[in-house]
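What follows is a set of notes on a single structure, which appears directly below.
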Amino acid sequence: MGFGKYKILVVDDEENSRVCLGKLLDQAGYDVTCVSGGHEALAFLAKNAVNFVLSDIRMPDMDGLSLLNEIHELYPQTFVVMVTAYGEVDTYLEAVNLGACDFVHKPVRFNELKLVLEKLSITQALQYS
């Protein structure tokens, strides 16, 4: 299955994380856009459909859980994967309750992320075909 058709929005206030993840996803054949915060992500999503959002949880302008909640309400077909450097169980449970499809820990291991995206690609294709 080719991944060129899958559009991903990366949301992270840390420039190095955002740029590195964006480059890796681009090289893997995904159509990637990177933004630095939740408000910017929502503005992008208002004009562009994406398959997946990879969002950091801790961001200054709008935290990832608030962004997740907005995406889940406004764009229910968009799958959201939360990215965090912190392994807080309460945060994980709240994210799942808000509709997060999966969780990836920083530093992101690209092979792990690729498996998550491949699994979600199949799930999305089956649900919305």
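As an exercise, identify the trypsin sites (Lys or Arg not before Pro) in the stretch 29-129 lying in DSSP coil whose Cβ has no more than 12 other Cβ atoms within 10 Å.
Of the trypsin sites (Lys or Arg not before Pro), the ones in loops of the stretch 29-129 whose Cβ has at most 12 other Cβ atoms within 10 Å are R109.
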Starting from the stretch 68-104, pick out the GluC sites (Glu not before Pro) whose DSSP state is loop and whose Cβ has at most 16 other Cβ atoms within 10 Å.
-> E88
Which lysines does K5 reach when only Cα atoms under 19 Å apart count, and residues fewer than 8 places away in its own chain are ignored?
-> K23, K47, K114, K119
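Hey, got the dipole for the stretch 7-127? About the Cα centre, +1 on K and R Cβ, -1 on D and E Cβ, debye to the nearest 20? Working shown, then result.
Details: 9 positive and 18 negative charges, 98 e Å.
In total the dipole reaches around 460 debye.
Loop-only chymotrypsin sites (Phe, Trp or Tyr not before Pro) in the stretch 54-129, please: DSSP not H, G, I, E or B, and at most 15 other Cβ atoms within 10 Å. Write out the running numbers ahead of the final one.
Working: sites: F79, Y86, Y92, F103, F110, Y128; in loops: Y86, Y128.
Hits after loop and neighbour filter: Y86, Y128.
None of the figures in this text is laboratory data; all of them are computed from the coordinates on show. Note that the coordinates shown come from a computational prediction; the quantities given were computed from them, not determined experimentally. Glycine also receives a Cβ, built like all others from the backbone with ideal geometry; neighbour counts cover every protein chain displayed.
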